[in-house]
Amino acid sequence: NIIVKENSKEWELQRGLFLIVGNNNQLAKNWLRSSNRAFADQQPIAAIKSVQGLVHACEYVDAHRA
């Protein structure tokens, strides 16, 4: 498990993703490691290595929680 600072972008992504997948770690891992058209067919795990990609992932997850 990776510990992230509360209220950071990483924390927002983690929290939002877990709300979408019902706190199911395996579903979260599957989402992070699956190609996604919203991320130019790359895996979200690769996209979030950049600040821009992390912000995009947070926005994407937040939009799908609503």
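The fraction of all Cα pairs in the chain landing in successive 5 Å bins from 0 to the largest distance is 4, 19, 29, 32, 14, 3, given as whole percents. Say a paramagnetic label sat at a point 7 Å from the Cα of E59, along Cα to Cβ; which residues of the range 21-39 have their backbone N under 16 Å from it? Within reach of a label on E59, which here means backbone N under 16 Å from a point 7 Å along Cα→Cβ, the range 21-39 contributes 37-39.
Modelled this way, with points 7 Å down the Cα-to-C-beta line, the labels at S35 and K49 are 1.8 nm from one another. Annotation: peptides 12-22, 30-40, ranked by per-residue average of other Cβ atoms within 10 Å with the highest first, follow the order 12-22, 30-40. Heavy-atom accessible surface of the chain, averaged per residue, reaches 75 Å², computed with a 1.4 Å probe. State the percentage of accessible surface on the chain attributable to carbon and sulfur atoms; use a 1.4 Å probe and exclude ligands, DNA and RNA. After summing per-atom areas, the C and S share lands at 49 percent.
The values are calculated or read from the model by the stated rules, or taken from the named source; none is laboratory data. As the structure is a computational prediction, the values presented were derived from the model and not from experiment. Neighbour counts run over all protein chains shown; Cβ positions are idealised from the backbone, glycine included. Each accessible area value is taken on the protein alone, full model and side chains, heavy atoms only, with ligands, DNA and RNA left out. Shrake-Rupley method; radii C 1.70, N 1.55, O 1.52, S 1.80 Å.
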